[in-house]
Amino acid sequence: MPDFKDILDIHPNPCVIHINFVPKYANNAFAKFSGMASAEDVLSLPSIRVLFEEEHWPEAQRRYNHAIETGIPTPPEVINHMDLKGNPMIAEITDKVIDWYGEKAMCTFVSVVTDQIRRERTLRDMANRDDLTNLYNRRYLLDLFSERHAAQQRRQYLAMADIDHFKRINDTFGHPVGDIVLRRFAQEIEDFTAPDEYAFRLGGEEFALLIWADNHTEATARLEQLRQSVQDCEVRVSHPNSQPLTISCAISIGATVLDATEDFLSASLRADEALYIAKKTGRNRVINYDESAENAPEKS
């Protein structure tokens, strides 16, 4: 056995040595990490790939081949892992090529980073959220635009929404009541969005959505449903010096379809123009910029 086996046996981090994922050595920490009773159980596996999600297999094979061919250690990689008992965790893997009885083999060290990664994700998510409504904020909206790529099969729409006459609510009932209305409205638009869609609070009574639709008609119809649900919603607020308050509100929405890799500024200018039209023509309505452009009379 190589001299370093005794060190690896007592090492607190999981470690496994394998040749093309067939295990040749594992310490007890790796067995525990994998949900097994002992290192001998690990060695009985036909391949350690069964211990990792299948989606990671191609990249793992590529990393293995490159390391064996070049002798260069692989950079750390964070992957999702589930042990044989079904316990999910997040692991960081590092690999180094070693000599195993005259054969090139891979020595893989594992660090369980579940708590660290979850803390980082929580902090990152908090930075992307609006404090009052817990919707995503403008920063995250801009980040999503910077990450956009070629258009998918369905069209993505940007919708800008304002609560109509919100200043009256603040002036009449006070800002604490206004905050309750904002949170209730935020719940309405969050419930409206599908799992792969996003709702944002941009500031004050201004909100935005990124939604999917097959065409302009579908996008407008969906946003009409949101407008109607807000109109039908009543916010009840307890008041210490009078009967409970019942507040209704309405919204104006302007929407536009997004080009494949367009930036936020150009898209928001169109959505804002549609929103402006919605306000100028009576409020409590949806204006789709693209439908308006299609229906506009031709210039002579």
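Considering every residue within the stretch 46-69, establish whether at least one is of a type in the set (S, T, N, Q), over 16 Å from PRO14 (Cβ atoms) and loosely packed, with under 11 Cβ neighbours inside 10 Å.
As a first pass, look at the stretch 46-69 and keep what is of a type in the set (S, T, N, Q): 47, 61, 65.
Now drop any that are not over 16 Å from PRO14 (Cβ atoms), which leaves 47, 61, 65.
Keeping just the survivors that are loosely packed, with under 11 Cβ neighbours inside 10 Å gives none.
Checked the stretch 46-69: no residue is of a type in the set (S, T, N, Q), over 16 Å from PRO14 (Cβ atoms) and loosely packed, with under 11 Cβ neighbours inside 10 Å.
Looking only at the stretch 147-158, decide whether some residue is surrounded by 12 or more Cβ atoms within 10 Å (Cβ to Cβ) and under 14 Å from the mean Cα position of the chain (by Cα).
Taking the stretch 147-158 first, the residues surrounded by 12 or more Cβ atoms within 10 Å (Cβ to Cβ) are 148, 151, 154-158.
Retained after the next criterion (residues that are under 14 Å from the mean Cα position of the chain (by Cα)): 148.
Among the residues of the stretch 147-158, at least one is surrounded by 12 or more Cβ atoms within 10 Å (Cβ to Cβ) and under 14 Å from the mean Cα position of the chain (by Cα), which makes the answer yes.
Do you know which residues across the stretch 26-53 are in a strand (DSSP E or B) and in contact (Cβ under 8 Å) with a residue 24 or more places away in the chain?
PHE52
Checking the condition in contact with a Pro (Cβ under 6 Å, 6 or more places away or on another chain) and outside any helix (DSSP H, G or I), which residue from THR108, THR94 passes?
Result of the check over THR108, THR94: THR94.
Condition check ((1) modelled with pLDDT under 90; (2) farther than 19 Å from ARG270 by Cα; (3) touching a strand residue (DSSP E or B) at 6+ places or on another chain (Cβ under 9 Å)) across all residues:
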position: GLU190; (1), (2), (3): no, yes, yes
position: PHE207; (1), (2), (3): no, no, yes
position: TRP212; (1), (2), (3): no, no, yes
position: ALA219; (1), (2), (3): no, no, yes
position: ARG236; (1), (2), (3): yes, yes, yes
position: HIS239; (1), (2), (3): yes, yes, yes
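Can you confirm whether the stretch 168-181 contains a residue that is among the small types (Gly, Ala, Ser), in contact with a Leu (Cβ under 7 Å, 6 or more places away or on another chain), in the same structural domain as LEU132 (by TED's automatic domain parsing) and surrounded by fewer than 21 Cβ atoms within 10 Å (Cβ to Cβ)? Working first, answer last.
Of all residues in the stretch 168-181, those among the small types (Gly, Ala, Ser) come to 174, 178.
This time we only want the ones that are in contact with a Leu (Cβ under 7 Å, 6 or more places away or on another chain), so: none.
No, there is no match, as no residue in the stretch 168-181 is among the small types (Gly, Ala, Ser), in contact with a Leu (Cβ under 7 Å, 6 or more places away or on another chain), in the same structural domain as LEU132 (by TED's automatic domain parsing) and surrounded by fewer than 21 Cβ atoms within 10 Å (Cβ to Cβ).
Quickly run through the stretch 141-188 and pick out the residues that are in a strand (DSSP E or B) and modelled with pLDDT of 90 or more.
Passing the criteria: GLN156, TYR157, LEU158, ALA159, MET160, ALA161, ASP162, ILE163.
Where in the stretch 196-249 are the strands (runs of 3 or more DSSP E), entirely inside, with at least 2 residues that are surrounded by fewer than 16 Cβ atoms within 10 Å (Cβ to Cβ)?
234-237, 245-248
Suppose the filter is in contact (Cβ under 8 Å) with a residue 60 or more places away in the chain, surrounded by fewer than 18 Cβ atoms within 10 Å (Cβ to Cβ) and touching a strand residue (DSSP E or B) at 6+ places or on another chain (Cβ under 8 Å); does LEU135 pass it?
Details: in contact (Cβ under 8 Å) with a residue 60 or more places away in the chain: yes; surrounded by fewer than 18 Cβ atoms within 10 Å (Cβ to Cβ): no; touching a strand residue (DSSP E or B) at 6+ places or on another chain (Cβ under 8 Å): yes.
No.
Looking for something closer than 23 Å to ARG184 by Cα, touching a Phe, Trp or Tyr at 6+ places or on another chain (Cβ under 6 Å) and at pLDDT 80 or above - is there at least one such residue anywhere in the stretch 242-259?
yes
The values are calculated or read from the model by the stated rules, or taken from the named source; none is laboratory data. Keep in mind that this is a model prediction, so the values were computed, not measured. Cβ: placed from backbone, ideal geometry, glycine included. Neighbour counts: every protein chain shown.
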